[in-house]
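A short reminder: the numbers here are calculations on the coordinates, not readings from a lab. Quick caveat, the model's predicted, so the values are computed rather than measured. Here the Cβ positions follow ideal geometry from the backbone for every residue, glycine too, while neighbour counts run over all protein chains shown.
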Amino acid sequence: MPETTFVAQVLEAELPLAAWDEAYFALTAVKGLLQSLPGFSGMEVLGELDEAQEQVKLVVISRWQHPEQLEAWLKTQETPYDVLTLMEPPPLRLEARYLAELA
């Protein structure tokens, strides 16, 4: 198995519907900040509204050109994960994982 090099953070979250407006603006602000950082390749926010459960399910993918840039960014505490942990009401579920580019 080749050495694994992570170049993306995938964040999965479930938010109370009441938190969606704050989450949207916070994630938009994070994306704006990221666009000025070297090595940032893009950030996608995908979601699904579950009206019956009054929840929003999100997937946030942040991509980087080099693993060192991803590692440096994770230390800034200005990631979608960090921003969502500060929200009120807090996320119902919040999980981050990391993906590698497969060659």
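Were the residues from Tyr98 through Ser41 laid out at 0.36 nm apart, the gain over their Cα-Cα distance would be 19.0 nm.
How much net charge surrounds Ala26 when only the other residues with a Cβ under 11 Å from the Cβ of Ala26 are counted, with Lys and Arg +1 and Asp and Glu -1?
Details: positive: Lys31; negative: Asp21, Glu22, Glu78, Asp82.
Cβ neighbours under 11 Å give a net charge of -3.
Need the full-extension length gain, Glu12 to Asp82, defined as separation in residues times 0.36 nm minus the C-alpha distance. One decimal, nm. Provide the component values of the computation, followed by the final result.
Values: separation 70, 0.36 × 70 = 25.20 nm, distance 1.28 nm.
Contour length minus the Cα-Cα distance gives 23.9 nm.
Using the empirical formula 2.2 N^0.38 Å as the baseline, the Cα radius of gyration of region 55-103 reaches a ratio of 1.31.
Binning the C-alpha pair distances of the chain at 10 Å intervals from 0 yields a P(r) profile of 15, 48, 27, 9, 1 %, listed from the shortest bin outward. Each stretch of four or more DSSP H residues adds -39500 (n - 2.57); spread over every residue of the chain, this sum gives -8000 deg cm²/dmol at 222 nm.
In region 1-95, what GluC sites (Glu not before Pro) fall in a loop by DSSP, with at most 16 other Cβ atoms inside 10 Å? Numbers along the way, then the final one.
On the way: sites: Glu3, Glu12, Glu14, Glu22, Glu44, Glu48, Glu51, Glu54, Glu68, Glu71, Glu78, Glu95; in loops: Glu3, Glu51, Glu54, Glu78.
Here the sparse-neighbourhood loop sites are Glu3, Glu51, Glu54, Glu78.
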